[in-house]
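> Could you have a look at this structure, given as structure tokens, before my questions?
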Amino acid sequence: MELLRFYLNGKPREIDFSHRDSPPLSCSVLQYLRQYEKLTGTKQVCGAGDCGACTVIVAHKDEATGLEKRCSADSCIMRLPRLHGKHLLTIEAPERFLDTLPIREAFLRERASQCGVCSPGMVLSSYIHMNNHLPMNQDQIRRSLSGNLCRCTGYQSILDAVISLDRNPDLKSGREDPLDFPQVEKRMHAFVQGDNVYLLPLTLEDLYVARKKYPAARIASGFTGSCMDYKGPVIDISRVYELLQVHVSDSGISLGAGCSFETMKMQMAQYFPYMIPYLDSFASLQVRNQASLGGNIADGSPVGDTMPLCLAHDAVCVVCGPRGTRRIKASHFTTGYRKVALRADEVLLAVEFPFPEKGTYYFAHKQARRKNMDISSVSFAASVRVEGKTCTSVRLAYGGMAAVPARALHAERFLKGKMFSQANCQKASAWLEKDFSPISDVRGSASYRMDVAKNMLIFLYESYNGEHDGR
Ligand SMILES: Cc1cc2nc3c(=O)[nH]c(=O)nc-3n(C[C@H](O)[C@H](O)[C@H](O)COP(=O)(O)OP(=O)(O)OC[C@H]3O[C@@H](n4cnc5c(N)ncnc54)[C@H](O)[C@@H]3O)c2cc1C
Ligand code: FES
Ligand code: FES
């Protein structure tokens, strides 16, 4: 029987899921901490990745560098078996492993904790901000804390507390004792509990074997999409080596489908800096550390944020299975509402973003009810090539306007070959009425969506003209 092995706040843990008092395989890290470890410093509020009250720190050893890496996570949506081989740190961790004392003192000094429910999460997100050596200004700190809500609206005192740490000479954060990690063999791991199973393959070969043996098991990557509430047998592909690869060639960049959104942000920054504010508005740091590019695309959602980018770039989805590899244009990948072109035995392996031809301009903008932590009402990504003053090539891709993310082909046809001007973008926007018939739902009425979609074309022009930064 395989044991789950990890460290918690400096102490080793082993869980035998076949034991009758063990947590269920679908147990969240939060439930485990509060119910089984009686560590109640980590708070439960929304239980859905929306508030950051349950923030913890998960450390792992980077295989390539051997260095320890610490990331924040929402423990309410993180499955317990994902801790295999890792070190979990909570607000209760001894200072020699996680030195949050100066941050906690600053919170007290600045009266940044009122009811205190959000405080442990706020402290840990502030810790990660400093651990990543990010600038200590309001804007950067706000971004680092954007996944943490304070219902008492103590935001200004929380910001003041973190900023005050810039002047603290005693700050030891990042200079703690090295963490221990359990020895786990380099092979597929399988945790079994009655009829249920949780498989952790490390290679594509393992994955194919696992699928053959457990055909009913569901593929899951970050568990932040449609897998979030699924409790049955799973094949967790987040450690499959081939799915985590990033390749850069003369023609473009290929991102493994298992890459998290934080990895995608880091990798794209150099080649497509325009994407960064757009990707920064995806959920929160905690969710971006866990959610995968592949899960976003394979979910086939009309409001998934990456497909408009893929359509604007004419990206290629590379899929693979035991029968080989196929390349599918992004425009043919989503085949209907939450339907994609994957065969039953295939997974999404990577997404290839070609490098643009000279003179191509990119733009992306996401409209949601609030800036962070919200699904798009309408998302937009565009590429325009302008030669002289003429628009010689254009791709306008929208999310939230139809059952699938789609290009605005009528508007594109109007713009192509014409002068790229505000007046022509305005005229092109009228063609969106022919391209889309959006629906009304909680994220916006049909007419609101259409107005936003039209405004996006003006934003595109203003951004091209240096008048709008895409935020
Ligand atoms: C708080 C919160 C905020 C969010 N905010 C946003 C947002 O701003 N924008 C947005 O677009 N989404 C958002 N989401 C949705 C979700 O985070 C994303 O869609 C995410 O990319 C899903 O990836 P995952 O790895 O977690 O998918 P999972 O839930 O693990 O899987 C989703 C689906 O994809 C399949 N799958 C996963 N990987 C592969 C693969 N490589 N090959 C084949 N099938 C695969 C699974 O079988 C499953 O059907 C949010 C979710 C939460 C909880
Ligand atoms: S309890 Fe709100 S994010 Fe976990
Ligand atoms: S102090 Fe009460 S929720 Fe933040």
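The values are calculated or read from the model by the stated rules, or taken from the named source; none is laboratory data. Given the structure is predicted, the values throughout are model-derived calculations rather than measurements. In this analysis, Cβ positions are derived from the backbone assuming ideal geometry, glycine residues included, and neighbour counts consider all displayed protein chains.
> Scan segment 214-249 residue by residue and report those that are more than 19 Å from the chain's Cα centre (by Cα), loosely packed, with under 15 Cβ neighbours inside 10 Å and of a type outside the set (Gly, Ala, Ser).
If the condition is that a residue be more than 19 Å from the chain's Cα centre (by Cα), loosely packed, with under 15 Cβ neighbours inside 10 Å and of a type outside the set (Gly, Ala, Ser), then PRO215, ARG218, LYS231, HIS247, VAL248 are the ones that fit.
> From LEU88, LEU67, grab the single residue that is at negative phi, in contact (Cβ under 8 Å) with a residue 60 or more places away in the chain and not assigned by TED's automatic domain parsing to the domain that holds LYS371.
Working: LEU67 fails: in contact (Cβ under 8 Å) with a residue 60 or more places away in the chain.
Unique residue meeting the criteria: LEU88.
> Give all pairs with beta carbons closer than 6 Å in which a residue from segment 219-244 that is of a type in the set (Phe, Trp, Tyr) meets a residue that is within 16 Å of ligand 2 (Cβ to nearest atom); count only pairs at least 6 apart in sequence or on separate chains.
PHE223/ARG79
> So, VAL246, is that one touching a helix residue (DSSP H, G or I) at 6+ places or on another chain (Cβ under 6 Å) and modelled with pLDDT of 95 or more or not?
Values: touching a helix residue (DSSP H, G or I) at 6+ places or on another chain (Cβ under 6 Å): yes; modelled with pLDDT of 95 or more: yes.
When the stated conditions are applied, VAL246 passes them.
> Kindly establish whether ARG34 is more than 16 Å from ligand 1 (Cβ to nearest atom), crowded, with 18+ Cβ neighbours inside 10 Å, basic (Lys, Arg) and under 28 Å from GLN193 (Cβ atoms).
On the way: more than 16 Å from ligand 1 (Cβ to nearest atom): yes; crowded, with 18+ Cβ neighbours inside 10 Å: yes; basic (Lys, Arg): yes; under 28 Å from GLN193 (Cβ atoms): yes.
Criteria met by ARG34.
> Continuing with this model, one more query. Given the structure, is ASN455 farther than 28 Å from GLY252 by Cβ, of a type in the set (S, T, N, Q), modelled with pLDDT of 95 or more and not in a strand (DSSP E or B)?
Details: farther than 28 Å from GLY252 by Cβ: yes; of a type in the set (S, T, N, Q): yes; modelled with pLDDT of 95 or more: yes; not in a strand (DSSP E or B): yes.
Considered against the rule, which asks whether it is farther than 28 Å from GLY252 by Cβ, of a type in the set (S, T, N, Q), modelled with pLDDT of 95 or more and not in a strand (DSSP E or B), ASN455 comes out as yes.
> Looking at CYS115, CYS71, CYS76, which is the one that is within 16 Å of ligand 2 (Cβ to nearest atom) and modelled with pLDDT under 95? Please lay out each step first, then the result.
Working: CYS71 fails: modelled with pLDDT under 95; CYS76 fails: modelled with pLDDT under 95.
None of the other options fit; the residue is CYS115.
> Quick one: count up the residues across segment 362-390 that are under 17 Å from ALA411 (Cβ atoms) and either outside any strand (DSSP E or B) or free of Cβ contacts under 8 Å to residues at least 60 places away in the same chain (or both).
Qualifying residue count, segment 362-390: 2.
> Additional query: Of the residues that sit in segment 298-354 and are under 25 Å from MET275 (Cβ atoms) and hydroxyl-bearing (Ser, Thr, Tyr), which one is farthest from ligand 2 (Cβ to nearest atom)?
That would be SER331.
> Give the residues of segment 391-406 that are part of a strand (DSSP E or B) and surrounded by fewer than 21 Cβ atoms within 10 Å (Cβ to Cβ), sorted by residue number. Let's see the steps before the verdict.
Taking segment 391-406 as the starting set, the residues that turn out to be part of a strand (DSSP E or B) are 391-399, 406.
THR392, SER393, ALA406 - these are the residues of segment 391-406 that are part of a strand (DSSP E or B) and surrounded by fewer than 21 Cβ atoms within 10 Å (Cβ to Cβ).
> Name the one entry in SER284, SER292 that is surrounded by 22 or more Cβ atoms within 10 Å (Cβ to Cβ), closer than 24 Å to ASP50 by Cα and either within 16 Å of ligand 3 (Cβ to nearest atom) or of a type in the set (Asp, Glu) (or both). Steps first, answer last, please.
Values: SER292 fails: either within 16 Å of ligand 3 (Cβ to nearest atom) or of a type in the set (Asp, Glu) (or both).
That would be SER284, the only listed residue that is surrounded by 22 or more Cβ atoms within 10 Å (Cβ to Cβ), closer than 24 Å to ASP50 by Cα and either within 16 Å of ligand 3 (Cβ to nearest atom) or of a type in the set (Asp, Glu) (or both).
> Right, something else. I need the full set of residues from segment 198-211 which are out of contact with any Phe, Trp or Tyr (no Cβ under 6 Å at 6 or more places or on another chain) and touching a residue at least 60 places away in the same chain (Cβ under 8 Å), in order please.
Within segment 198-211, LEU200, LEU204, LEU207, TYR208, ARG211 meet the criteria.
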